[in-house]
1. Across region 334-352, which residue is nearest to the chain's Cα centre (by Cα) among those that are exposed (fewer than 11 other Cβ atoms within 10 Å of the Cβ) and part of a loop (DSSP other than H, G, I, E, B)?
2. When only residues in region 248-265 that are aliphatic (A, V, I, L, M) and modelled with pLDDT of 75 or more count, which is surrounded by the most Cβ atoms within 10 Å (Cβ to Cβ)?
3. Can you tell me which residue in region 129-147 is modelled with the lowest pLDDT, limited to those that are over 14 Å from Ser190 (Cβ atoms) and of a type in the set (Gly, Ala, Ser)?
4. For region 305-331, which residues satisfy the criterion of being more than 30 Å from Trp73 (Cα to Cα) and surrounded by 18 or more Cβ atoms within 10 Å (Cβ to Cβ)?
5. Quick one: which strands (runs of 3 or more DSSP E) sit completely within region 37-81 and have at least 1 residues that are crowded, with 24+ Cβ neighbours inside 10 Å and under 15 Å from the mean Cα position of the chain (by Cα)?
6. Within region 159-182, is there a residue that is more than 23 Å from Val76 (Cα to Cα), modelled with pLDDT of 70 or more and either in contact with a helix residue (DSSP H, G or I) (Cβ under 7 Å, 6 or more places away or on another chain) or surrounded by fewer than 15 Cβ atoms within 10 Å (Cβ to Cβ) (or both)?
7. Taking region 117-137, which residues are crowded, with 23+ Cβ neighbours inside 10 Å, assigned to a strand (DSSP E or B), of a type outside the set (Val, Ile, Thr) and in contact with a Leu (Cβ under 8 Å, 6 or more places away or on another chain)?
8. Of the conditions (1) of a type in the set (Gly, Ala, Ser); (2) exposed (fewer than 14 other Cβ atoms within 10 Å of the Cβ); (3) part of a loop (DSSP other than H, G, I, E, B); (4) modelled with pLDDT of 90 or more, Ala291 satisfies every one except a single condition; which number is it?
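The values are calculated or read from the model by the stated rules, or taken from the named source; none is laboratory data. Please read all numbers here as calculations on a predicted model, not as lab measurements. As a convention, Cβ positions derive from the backbone with ideal geometry for all residues, glycine included, and neighbour counts pool all protein chains shown.
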Amino acid sequence: MKTILGLVLALTVVAPSLGQNWVLASAPSTNWSCVASSADGTKLVAAVNGGLIYISTNSGGAWMPTSAPTNAWTCVASSADGTRLVAAASWYRGDGFVYTSRDSGSTWSSADASQAYWASVASSADGSKLAAAGDVVHVSTDSGGTWTYLGPTGIPTSATFPLISSTADGTTLAVVEVRAGSSQIFITSSSVWAPQVAESPAFESGACTSVAMSVDGARVAATVDAVNPSGPDPTNCASILYDLSNSGATQITNCTPVTNWTSVATSADGTRLAAVASSGDVYTSTNGGVAWTPNIVTNANWSGIASSADGAKLVAVASGGGIYTWQTTPTPTLNINRTGEDLQISWLIPSMSFVLQQSADLGSTNWTAVESAPIVNLTSL
C-alpha cells in the first residue's frame, strides 16, 4: 500500500489464500528431464527424456502432450507470457535439433542448430532472443528462426558449455564453461563473447550443475556439489551467488546436507531461490541463498525446477517420477518512480490476479479500481 499526494493506492488480491504444501500433479509418472514456467506461473512446459513435451495452462493442475516429437529432451525454456517455447535434445536418442513453438506448444518447428548434445536453453522475456548450450553455444535473435554460433575467445577447443541462463532482455548470458579439471561461470554478451565482462573463480570439474540469472543479470545462482578449492568446506551448497558488479563469486557458507544438486531456479529479483537434487527434499530460500529450508515433498530423483517471477509458484519434476507444484499467496510491493511531471507505479508480475485500487481516504471503505491497464515491461517484468 502506498500514499501519493493524498491518494492511497493498494494492490488487492482477487483469489483465496493458498497453503504451502506441495501437490502431486495429474501428469504421468515418467522420465521427466526439465521444466519451465511463464512469469506468472500459469503456463508450464515440461519434457520427457525419451518421450514427449507436455504443457499446462492452469499452474500444473492439468497436463496435456504437445505435437513435439518423441525425443531425448534435455532442456526447455519459456517466454514471460508462455506463448514462445524452446526445447532441445541430445542426438543419441533423437535428432539433436533445437525446437521452438510460437503458440504455447500447439505446433513446433525445428531449427538447424544441431550438435551432439544440448544441455541447456534460455529465452528472453519476449521470446525473441534464444540461447542453446551444450558442446558449443548458439544464439538466435528471431525466436529460433536462424541460429548463430557464439564462439569464445581464448578458451581451449576442448571446453564445453553445458549450462546457460539469460537476462530478461536477452542481451546478457551466464554461461558455465567446463574443461579438464575445472569449470567457471562467464557473463557475456549474446552477440559477442570477447572480451568477457566477468568470470568466476574456477571450480573443480562438475561443480556447477545448474545456473539461473535474475532478470537484470545482477545476480546469478548456481548449484554446487563438488569441492571448491577457493571456497569454504564443506561445499555441498545449494547455491553460489555471482555478483556482476564486482566480477566476483560469493559461495554461501551455511551448506545443506544434500549433495548431487541438479537444478536451481530464481525469482525475477534473485531473492527467492529453489533447488533440487537427484535425491532428497526440495530446498527453498527467501533471502538470496543465505539460508535454506527443506520442503518435505517426497524422496525423488529430481531433475528440474522452475519458478514464477515473484517466486510464489514453483514446479518440480522427477526422473522416474511425477510433477509437483507449490504455491503461496504473493505479497507484491508497489514501486513509485517520477517520470517528468508524472508518477509511474509498478510491481513485479504477480503469480495471482491482483487489481490496483485507489482511494482518497486511507480510512475509507470506498475503493475503486484504477482504470488504466498495466503494461508489462519485458526488461524488468
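1. For region 334-352, the residue satisfying everything is Gly340.
2. Step by step, filter region 248-265, then rank; the result is Val264.
3. Gly134
4. Pro330
5. 44-51, 71-78
6. Checking region 159-182: not a single residue is more than 23 Å from Val76 (Cα to Cα), modelled with pLDDT of 70 or more and either in contact with a helix residue (DSSP H, G or I) (Cβ under 7 Å, 6 or more places away or on another chain) or surrounded by fewer than 15 Cβ atoms within 10 Å (Cβ to Cβ) (or both).
7. Answer for region 117-137, where residues must be crowded, with 23+ Cβ neighbours inside 10 Å, assigned to a strand (DSSP E or B), of a type outside the set (Val, Ile, Thr) and in contact with a Leu (Cβ under 8 Å, 6 or more places away or on another chain): Ser120, Ala122, Ser123, Ala131, Ala133.
8. (4)
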